[in-house]
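The values are calculated or read from the model by the stated rules, or taken from the named source; none is laboratory data. Remember, it's a predicted structure, so these values are computed and weren't measured experimentally. Because the Cβ atoms are built from the backbone with ideal geometry, glycine has one as well, and the counts that use them run over all protein chains shown. Accessible surface is based on the protein model in full, side chains and every heavy atom, while ligands, DNA and RNA are left aside. Shrake-Rupley method; radii C 1.70, N 1.55, O 1.52, S 1.80 Å.
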Amino acid sequence: MVTLTSPPLPPRPTLGFIGAGRVASALARAAVRAGYEVPVIASRRRENTERVAAALRDCHPLTVDRPGDMNAVFSRADVIFLTVPDDAIAECAEHLTPRAGQALVHCSGASEVDLLAPAAKHGGQIGGFHPLFLFAGLDDDATRLPGSAIAIEAEAPLNEVLQRLASDMGCRTLSIPAGERMRYHAGANYAASFLLCLLDEATHLWKAIGLPTEDARDAMWPLVMGTLNAARERGLSGALAGPVSRGDAGIVTRHTEALAAMGGNHATLYSLLTQRAIHLARQRPNADDTALDAIARAIAPYIPPVAPERDA
C-alpha cells in the first residue's frame, strides 16, 4: 500500500462516488448531512446517477460510457468511494489513477484492499470503508446509519480522514487487519442474512405442523425483538433462553428426535446451533457443566465430523 507523504489529504475532503446504488445513495446523503461536500457521482446508468445526484446539493452526475471516463471524478473530489459489485473492483482499479492528495476507497466487506493496488501507482492512497449496515434502498437509510459500525482499513493519513468521516456521520469504527476480510465478512453474514435463514427455518417448522406462513411470521416478531433487546442489555450469554439455558437435556433429546423424523438436515442444523448455545451457557456464572455435558452427548449423533479448529 502506498504511503502518502505530500500533499496530505485535507481533514474534511470532498467526496465522490463511482457506483450509484443503495450504498452510494445512503453514504452520500449521510456525508452531506455531516457537513461534507459530494460534488460528483458516476455510474454507467444515467438514471441512477441523476437520481442520487438530485438528492444532494451541488452534485454533478457523471455517466461513464468507457472505463477511462471514470477518472474524471478525480478532477472534482479528493476521496472517491468505489461502490460497485465486488467482481468489478479490480477492473475499476486498473483504470483509476488518483494522485498524491487523493484516495480511492472501496466499500466492500469481503474484498481485500490490495485489489486497489494498481490505482496507487501515481501516489494516491487506497483503503476500505465498510459499513456494517443493511442498506435497504429506502429514503431513510442515511438517517438510520448513525450508530452503526464502519470497518476501516487504510494507512495514514487516509486512515485518520476515514475515521473522522465515520465519526462525523455518527458511526463507530472497527479496524480490520490486512488479509482478514473473509472472516470479518463471514461473521457479518451471521448477524444479517443468516439470521433471516434461521427465521425461515422456524417458519418452515411451524408451517409443517399446520400454522399458516403469515401467522408464523407474525408470531415470531415479539420473540425476535425481545431476544435482540435482551442481548443488547444483558449480553449474548445473559440473554440465552430455552432448554440449553436451563440445562434440560431431555427436551433437547426430544427436539432432535422430532426433527430427525422430518428427514433432511433439520436435526443437524438444530444440533450445530445447540453447540453454540452450550458455548454461551458455559460463560454464565454458576453454569451447570454436568447438565451441559449431557446436552452435548444428546446432540452428538447429529453432528457431522469436522476438522479441528485452528487458533485465530
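Brief remarks on what is shown
- Selection from the stretch 97-113 of residues that are farther than 21 Å from H185 by Cα, of a type in the set (A, V, I, L, M) and buried (at least 20 other Cβ atoms within 10 Å of the Cβ): A103
- Selection status of E309, farther than 22 Å from D200 by Cβ, open to solvent by 30 Å² or more (accessible area, probe 1.4 Å) and modelled with pLDDT of 95 or more: no
- Where a residue in the stretch 211-233 is free of Cβ contacts under 8 Å to residues at least 12 places away in the same chain and over 11 Å from L199 (Cβ atoms) and its partner, wherever it lies, is among the charged types (D, E, K, R) and in a helix (DSSP H, G or I), with Cβ under 6 Å and at least six apart: T213/K207
- For the stretch 280-296, a residue qualifies if it is among the basic types (K, R) and either surrounded by fewer than 12 Cβ atoms within 10 Å (Cβ to Cβ) or touching a residue at least 24 places away in the same chain (Cβ under 8 Å) (or both), and exactly one does: R284.
- Number of residues in the stretch 175-217 that are in a strand (DSSP E or B) and either farther than 26 Å from D114 by Cβ or at pLDDT 95 or above (or both) equals 0.
- V64 being open to solvent by less than 30 Å² (accessible area, probe 1.4 Å) and over 22 Å from the mean Cα position of the chain (by Cα): yes
- Some residue of the stretch 137-146 being surrounded by fewer than 21 Cβ atoms within 10 Å (Cβ to Cβ), within 18 Å of S43 (Cα to Cα) and touching a helix residue (DSSP H, G or I) at 6+ places or on another chain (Cβ under 6 Å): yes
- Summed over the stretch 168-188, residues that are open to solvent by 50 Å² or more (accessible area, probe 1.4 Å), under 16 Å from S148 (Cα atoms) and of a type in the set (A, V, I, L, M, F, W, C) total 1.
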